[in-house]
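K.L.:
This is the structure I want to talk about, given as structure tokens.
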Amino acid sequence: MANTFLAAQGLGVGRSLCEHEIADTARAIAAKAARPGCEILLPRDVVVAAELREGTARKVVRAEDCPDDMMILDAGPESITRIEQAMDRARTLIWNGPLGAFEIAPFDGATNAAATHAAALCRSGKLIAVAGGGDTVAALNRAGAAEHFTYISTAGGAFLEWMEGKTLPGVAALIG
């Protein structure tokens, strides 16, 4: 998702996964979020590599400097620090989706760092952390952080719809 927002800002994302066809939607979301003072935390630095493979050569570059022949596969150290600082200021975290290609080391660094940080804040009582979605649950389990989150849902899209306040068909059937 971050790659789509970066591309919508006119930044090159090389060969990264990116939904260029929804750039207008990403720009509209960014504009709407800016009005009430909501901040969308996009990476300022990224981990890039020529291929998504364990042990492949990688480097950290500024988000605006992604080489055309590389893929953005994780957030960089400065971005991780910013995410952790945002968590430190928050009282509630809603997490849906990993921060990088968490299935393959070393591109799991940002996800693992954020998960570990959120878990520590939960353990200390400083944060309520709610997470949902299959990839998210897998990433939190892989990081060893899932058991410390306040609530975890395996439902991805349904979880987000529930968070939006929409009536879910299964719940409606039970009530009705």
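K.L.:
Express the C-alpha Rg of the stretch 1-75 as a ratio against the empirical globular expectation 2.2 N^0.38 Å, rounded to two decimals.
P.N.:
1.15
K.L.:
Another question, if that's okay. Per residue of the stretch 44-60, in order, report the coupling 6.51 cos²θ - 1.76 cosθ + 1.60 (Karplus, θ = phi - 60°) as ³J(HN,Hα) in whole Hz, putting x for Gly and Pro.
P.N.:
These are the phi-based 3J(HN,Hα) values: 8, 9, 9, 9, 10, 8, 6, 8, 8, 8, 4, x, 5, 5, 9, 8, 9 Hz.
K.L.:
While we're here: Wrap a convex hull around the Cα atoms of the stretch 68-128, take a quarter of its surface area, and give that in square nanometres.
P.N.:
Taking the Cα atoms of the stretch 68-128, their convex hull projects to 4.6 nm² on average.
K.L.:
If the cut-off is a Cα-Cα distance under 20 Å, which aspartates and glutamates reach Lys32, setting aside same-chain residues fewer than 8 apart in sequence?
P.N.:
Glu19, Glu21, Asp24, Glu161, Glu164
K.L.:
Find the relative contact order for the stretch 1-52 and round it to a whole percent, using C-alpha pairs within less than 8 Å whose residues are 6+ positions apart.
P.N.:
Computed over the stretch 1-52, the figure is 33 percent.
K.L.:
OK, next. Through the Karplus equation 6.51 cos²θ - 1.76 cosθ + 1.60, θ set to phi - 60°, convert the phi angles of the stretch 159-176 into ³J(HN,Hα) values in whole Hz; use x for Gly and Pro.
P.N.:
Going residue by residue, I get 4, 5, 5, 4, 5, 6, x, 6, 7, 8, x, x, 5, 4, 5, 6, 6, x Hz, with x marking Gly and Pro.
K.L.:
When Met87, Met163, Met70 are ordered from fewest to most other Cβ atoms inside 10 Å of their Cβ, what list results?
P.N.:
Result, fewest neighbours first: Met163, Met87, Met70.
K.L.:
Also, I was wondering about something else. Determine the percent antiparallel among the DSSP beta bridges restricted to the chain, to the nearest 5.
P.N.:
Once the DSSP bridges in the chain are tallied, antiparallel ones form about 60 percent.
K.L.:
Compute the Cα gyration tensor for the chain, then decide on rounded, prolate or oblate, letting a ≥ b ≥ c be the square roots of its eigenvalues: rounded whenever a/c is under 1.5, prolate when a/b is larger than b/c in the other cases, and oblate in all that remain.
P.N.:
The shape class here is prolate.
K.L.:
I've got another one for you. Answer with one residue from Ala49, Ala101, Met163: the one whose Cα lies farthest towards the positive end of the charge dipole of the chain, charges on Cβ with Lys, Arg +1 and Asp, Glu -1.
P.N.:
Met163
K.L.:
Could you list Arg58, Arg123, Arg91 in order of exposure, starting from the residue whose Cβ has the fewest other Cβ atoms within 10 Å?
P.N.:
Starting with the residue having the fewest Cβ neighbours, the order is Arg91, Arg123, Arg58.
K.L.:
Rounded to the nearest 20 debye, what is the charge dipole size of the chain about its Cα centre when +1 sits on each Lys and Arg Cβ and -1 on each Asp and Glu Cβ?
P.N.:
I would put it at about 600 debye.
K.L.:
Once amide H atoms are built 1.01 Å from N in the peptide plane, which residues 5 or more positions from Ala131, or in another chain, come under 5 Å H to H?
P.N.:
Sorted by chain and number, the residues that satisfy this are Trp95, Tyr151, Ile152, Ser153.
Bear in mind that the values in this text are calculations on the coordinates, not laboratory data. The shown structure was predicted, so the numbers you read here are calculated from the model rather than taken from an experiment. Backbone-built Cβ (ideal geometry, glycine too); neighbour counts: all protein chains shown.
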